[in-house]
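Colleague: Take this structure, written in structure tokens, and hold onto it; I'll ask about it next.
The values are calculated or read from the model by the stated rules, or taken from the named source; none is laboratory data. What you are looking at is a predicted structure, and each value in this text was computed from that prediction instead of being measured. Here the Cβ is made from the backbone with ideal geometry for all residues, glycine too, and neighbour counts use every protein chain on show. For the accessible areas, the whole protein counts, side chains as well, though only heavy atoms, and no ligand, DNA or RNA atoms are used. Shrake-Rupley method; radii C 1.70, N 1.55, O 1.52, S 1.80 Å.
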Amino acid sequence: MKELLRYIAQNLVDNPDAVVVNETQDQEGKTVLELHVASEDMGKVIGRQGRIAREIRTVIKSVAQRRGEKVTVEILD
């Protein structure tokens, strides 16, 4: 999952070397993927009205569901 999110983000931004994905667990045992990108690339990852961010979350949740996992994506600057 972590690699998939990194791959998607690196192909959206101008500075792919700045993409960092951290994996943590929340209190409910759900996996949380924290996506960090360069500040000038935030708009490319979020998109107009959050459309790109919403689609990224949809793809990750779909793959996680097929694997029987619960995953959320947080986009941080």
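Colleague: Please report, as a whole percent, how much of the solvent-accessible surface of the chain comes from carbon and sulfur atoms (probe radius 1.4 Å).
Modeller: Whole-percent figure for carbon plus sulfur exposure: 44.
Colleague: Sequence-distant or interchain residues sharing an amide H contact under 5 Å with residue 74, placed H: which?
Modeller: Residues meeting the amide H criterion: 33, 34, 35.
Colleague: Taking θ as phi - 60°, what are the ³J(HN,Hα) couplings along region 54-62 by the Karplus curve (6.51, -1.76, 1.60), each to the nearest whole Hz, with x for Gly and Pro?
Modeller: Karplus-based 3J(HN,Hα) across region 54-62 equals 5, 5, 4, 4, 5, 5, 5, 5, 5 Hz.
Colleague: Would you calculate a helix-derived [θ] at 222 nm for the chain, using -39,500 (n - 2.57) for each DSSP H run of n ≥ 4 and dividing by the full residue count, to the nearest 500?
Modeller: Taking each H run of at least 4 residues, the total per residue is -12000 deg cm²/dmol.
Colleague: In addition: Treat every Asp and Glu Cβ in the chain as -1 and every Lys and Arg Cβ as +1, leave all other atoms uncharged, and give the resulting dipole magnitude about the Cα centre to the nearest 20 debye.
Modeller: 500 debye
Colleague: Continuing with this model, one more query. Which GluC sites (Glu not before Pro) from the chain combine a DSSP loop assignment with at most 13 other Cβ atoms within 10 Å?
Modeller: The qualifying sites are 28, 69.
Colleague: Using a probe radius of 1.4 Å on heavy atoms only, what accessible surface per residue do you get for the chain? Whole Å² is fine.
Modeller: Value returned for the chain: 66 Å² of accessible area per residue.
Colleague: Please report the antiparallel percentage of DSSP beta bridges with both residues in the chain, rounded to the nearest 5.
Modeller: Expressed as a percentage, antiparallel bridges in the chain total about 50.
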